[in-house]
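The values are calculated or read from the model by the stated rules, or taken from the named source; none is laboratory data. Keep in mind the model is a prediction, meaning the values are calculated, not measured. Backbone-built Cβ (ideal geometry, glycine too); neighbour counts: all protein chains shown. To get the accessible areas, we keep the full protein, side chains included, count just its heavy atoms, and leave off ligands, DNA and RNA. Shrake-Rupley method; radii C 1.70, N 1.55, O 1.52, S 1.80 Å.
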Amino acid sequence: MHLSIVEYPDKKLREKSLKVEQFDESLHKLLDAMYPLMVNTNGIGLAAIQVAVAKQVLILNIPDEYGEQPKENLIEMINPIIVHKEGETVYQEGCLSVPSFYEDIIRYEYVTVNYQDRYGNTQSIEAGELLSIAIQHEMDHLKGLLFIDRLSYSRRKKFEKEFKKVQKEKKNAL
Ligand code: QAP
Ligand code: CO
């Protein structure tokens, strides 16, 4: 299965992802193809819509205390729902679909998420720190939202201006 990252401003990223009903081989093939793509592009989280598949599927691999991302730490979430949220935190987020841009985003500090694994079994996780932020960022993708949508009006304007400038520079370099 060949996958590539859909980048902003592609409208595909605005699609709402559909609930997964079939926990079959095609789901497993998708998950198995998303993992190497995420690792090879230096990602810590990836939603299926970022590879043009509008399904409620996301993967997370938060670096450990040594900055490593062993596959044992991979979390695969299907049909996630936030059932509890608490506190507020700010983190400078990036996104594989908005390469080279980083912005401070406000999120819940802790979340409890119910989801299904690749076999359709119900799971629950209580997350804090970077995992909590990553879950919320990836779940936004399932709703067609990007982290830049959470910027204030003036910060967003500034982002769009910078984005246009970088696009122009990239075009001129060709
Ligand atoms: C979402 O983001 C996230 O611009 C995952 O050039 C962000 O993996 C979760 C990346 C912040 C928690 C906190 C971005 C790689 C990776 C880039 C990513 C880039 C190369 C972003
Ligand atoms: Co993202």
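Rank Ile75, Ser97, Leu58 by how far each Cα sits towards the positive end of the charge dipole of the chain (+1 on Lys, Arg Cβ; -1 on Asp, Glu Cβ) and give me just the farthest.
Of the candidates, Ser97 comes out farthest on the positive side.
Does anyone have the angle between helix 25-40 and the longest principal axis of the chain? Alpha-carbon axes, 0 to 90°, nearest 10?
Its long axis makes an angle of about 50 degrees.
Under the 0.36 nm per residue contour assumption, what length would be gained going from the current alpha-carbon distance of Glu88 and Asn114 to full extension? Let's see the in-between values first.
Details: separation 26, 0.36 × 26 = 9.36 nm, distance 2.01 nm.
Length difference between fully extended and current span is 7.3 nm.
Could you work out how far helix 129-142 tilts from the main Cα principal axis of the chain, as a 0 to 90 degree angle to the nearest 10?
80 degrees
How about the range 52-96: which GluC sites (Glu not before Pro) there are in a DSSP loop, with at most 15 other Cβ atoms within 10 Å of their Cβ?
Hits after loop and neighbour filter: Glu65, Glu68, Glu88.
Which residue, chosen from Leu146, Asn172, Gln136, occupies the Cα position most advanced towards the positive end of the dipole of the range 135-174, where the dipole is computed from +1 (Lys, Arg) and -1 (Asp, Glu) charges on Cβ about the Cα centre?
The one lying farthest along the dipole's positive direction is Asn172.
With charges only on Cβ, +1 for K and R and -1 for D and E, what is the dipole size of the chain about its Cα centre, in debye, rounded to 20? Write down the numbers at each step before the final one.
Details: 23 positive and 27 negative charges, 260 e Å.
I would put it at about 1240 debye.
Taking the range 104-174, which chymotrypsin sites (Phe, Trp or Tyr not before Pro) meet the DSSP loop condition and have no more than 13 other C-beta atoms within 10 Å?
Answer in residue order: Tyr119.
In degrees from 0 to 90, rounded to the nearest 10, what is the angle of the helix 153-173 Cα long axis to the longest principal axis of the chain?
The two axes meet at around 80 degrees.
Mind scanning Lys16/Lys168; Lys143/Lys168; Lys143/Lys170; Lys29/Lys55 and naming the pairs with a C-alpha gap bigger than 19 Å? Each step should come with its number before you reach the end.
Numbers: Lys16/Lys168 30 Å; Lys143/Lys168 29 Å; Lys143/Lys170 29 Å; Lys29/Lys55 13 Å.
Listed pairs above 19 Å: Lys16/Lys168; Lys143/Lys168; Lys143/Lys170.
Once ligands and nucleic acids are excluded and a 1.4 Å probe is used, how much of Lys29 is accessible, expressed in Å² to the nearest 10?
110 Å²
Per DSSP helix of 4 or more residues, -39500 (n - 2.57); summed, then divided by the residues of the chain. What does that give at 222 nm, rounded to the nearest 500?
Values: 3 runs with 51 residues, N = 174.
The helix contribution divided over the chain gives -10000 deg cm²/dmol.
What is the chain's relative contact order, in percent, from Cα pairs under 8 angstrom and six or more apart in sequence?
Averaging sequence separation for qualifying contacts and normalising by length gives 22 percent for the chain.
Taking a quarter of the surface of the Cα convex hull of the range 35-95, what do you get in nm²?
The orientation-averaged projected area of the Cα hull of the range 35-95 comes to 5.4 nm².
Considering all projection directions equally, how large on average is the shadow of the alpha-carbon convex hull of the chain, in square nanometres? Could the numbers behind the result be given before it?
On the way: hull surface 43.2 nm².
Mean shadow area of the hull around the Cα atoms is 10.8 nm².
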